[in-house]
Amino acid sequence: MVLQELIRPNIWNLTPYSCARQEYSDGDATVFLDANESPYHSPLNRYPDPLQRELKREISRLKGVAEDCVFLGNGSDEAIDLVLRIFCEPRQDNVVAISPSYGMYEVAANINNVEYRPVLLSESFSLSANKLLAATDRHTKLAFLCSPNNPTGNSLSHEEVEKVLRRFNGIVVVDEAYGDFSCEKPFREELQEHDNLIVLNTLSKAWASAAIRLGMAFASPQIISFMNRVKYPYNISLPTQREALEVLKHRTEVEQWVRLILRERERVTAAFARLPLCQKVFPTDANFFLARVDGAESIYRYLISRGIVVRDRSRVRLCQECLRITIGTPEENDALLKALNDYPR
Ligand code: PMP
């Protein structure tokens, strides 16, 4: 892969903004009169580290990825938007993605005026690399693959994803937002083998920190350097950097939560499958499951009347009459099952 052929020329030639905290970052200075900050209200008066080095050190250790292969964003949504802006020339380039999948790939492509080519998964939601590759042409810069996939819940076949990585002459974004709930080998362990791979992770799911907005992208140092040039200078706030450092100390607790969620997932999916209104529970590798039911929309509205909100996905392709249901606490899951057992037929 020749990166220069994939990156938009204006981005390749960009002189990035150089902020005060970047020009002077280490050293022994104690008087900071360089960034037009207020001298009062410490520590919130100061701009945060634009490259989040302390946090990246911890994430690098935790994920087993070198620091210069890590980008941190305002949620993984920021990384999705950035890769479109870095690689895709509006009105000229296009991207492919599995369908159905996470809605932001398409929205971010539309915002950037980049053609979005959805490639339908099979009825059992599996990926065919050949079918995906057949939808690409010389203007296809990115392929979005999500595993475990949202909203279907299943992991994609590792071999098929690898086939896309080997054969596609563009960047493959593997979104593993739900990877912490899966036993599959994470793709970030394959960064050395594939220079066209970008892996997305987040603190919003298993790490139970959606409110702080911290997403991660792992890729070659060269790709990461372009993401750093294009991002807003101070894209991760100080409170977020601090909270993220704090939550990373609670790895054992997070692993306990994940185990509990997985145990509950087994219990809830088994009980759901026995409900008369259930047609099918699809296999899941995430902290949610997709189920085909008799009358998704009325069940959705009925659950709301009982104070329970799930996601009606019945208008999504291949998901007719399907609800997507997140695994909650045992009490919340009991409330769901009780309400569904009371559902008037
Ligand atoms: N990827 C997938 C597959 C998701 O489902 C979501 C959120 N629902 C995201 C990314 C965005 O996560 P973040 O909170 O990190 O922006």
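A short reminder: the numbers here are calculations on the coordinates, not readings from a lab. Bear in mind that the values here come from a model prediction, so they are computed numbers and not experimental data. A quick note on method: Cβ atoms are made from the backbone with ideal geometry, for glycine too, and the neighbour counts reach across all protein chains shown.
Couple of notes before you dig in:
- When each of Asp93, Asp34, Asp28 is tested for being more than 21 Å from Ser225 (Cα to Cα) and in contact with a His (Cβ under 6 Å, 6 or more places away or on another chain), the lone residue that passes is Asp93.
- One residue alone among Val96, Val114, Val83, Val164 is within 15 Å of the ligand (Cβ to nearest atom) and hydrophobic (A, V, I, L, M, F, W, C), and that residue is Val83.
- Answer residue from the stretch 101-116, given it is within 19 Å of the chain's Cα centre (by Cα) and either loosely packed, with under 14 Cβ neighbours inside 10 Å or basic (Lys, Arg) (or both) and is nearest to Phe289 (Cα to Cα) among those: Gly103
- Residues in the stretch 63-77 that are within 16 Å of the ligand (Cβ to nearest atom) and either under 10 Å from Met227 (Cα atoms) or aliphatic (A, V, I, L, M) (or both): Val70, Phe71, Leu72, Gly73.
- The set of residues from the stretch 99-132 being more than 23 Å from Phe282 (Cβ to Cβ) and hydrophobic (A, V, I, L, M, F, W, C) comprises Val107, Ala108, Ala109, Ile111, Val114.
- Breaking point among (1) closer than 17 Å to Leu72 by Cβ; (2) away from the ligand (no atom under 16 Å from the Cβ); (3) not charged (D, E, K, R), for Phe218: (2)
- Unique match (being under 27 Å from Pro100 (Cα atoms), without any contact (Cβ under 8 Å) to a residue 40 or more places away in the chain and more than 15 Å from the ligand (Cβ to nearest atom)) among Thr252, Thr269: Thr269
- Across the stretch 197-249, the qualifying residues are those that are touching a strand residue (DSSP E or B) at 6+ places or on another chain (Cβ under 7 Å) and without any contact (Cβ under 8 Å) to a residue 60 or more places away in the chain, and the one among them that is nearest to Ala143 (Cα to Cα) is Leu197.
- Unique match (being surrounded by fewer than 18 Cβ atoms within 10 Å (Cβ to Cβ) and more than 26 Å from the chain's Cα centre (by Cα)) among Arg306, Arg242, Arg317, Arg263: Arg306
- Candidates are the residues of the stretch 132-153 that are more than 11 Å from Arg117 (Cα to Cα) and part of a strand (DSSP E or B); the one that is nearest to the ligand (Cβ to nearest atom) is Cys146.
- Restricting attention to the stretch 117-150 and to residues that are surrounded by fewer than 24 Cβ atoms within 10 Å (Cβ to Cβ) and in contact with a Pro (Cβ under 9 Å, 6 or more places away or on another chain), the residue that is farthest from Gln92 (Cα to Cα) turns out to be Ser124.
- Among the residues of the stretch 178-206, those that are more than 10 Å from the ligand (Cβ to nearest atom), part of a loop (DSSP other than H, G, I, E, B) and closer than 17 Å to Ile59 by Cα comprise Pro186, Leu191, Ala206.
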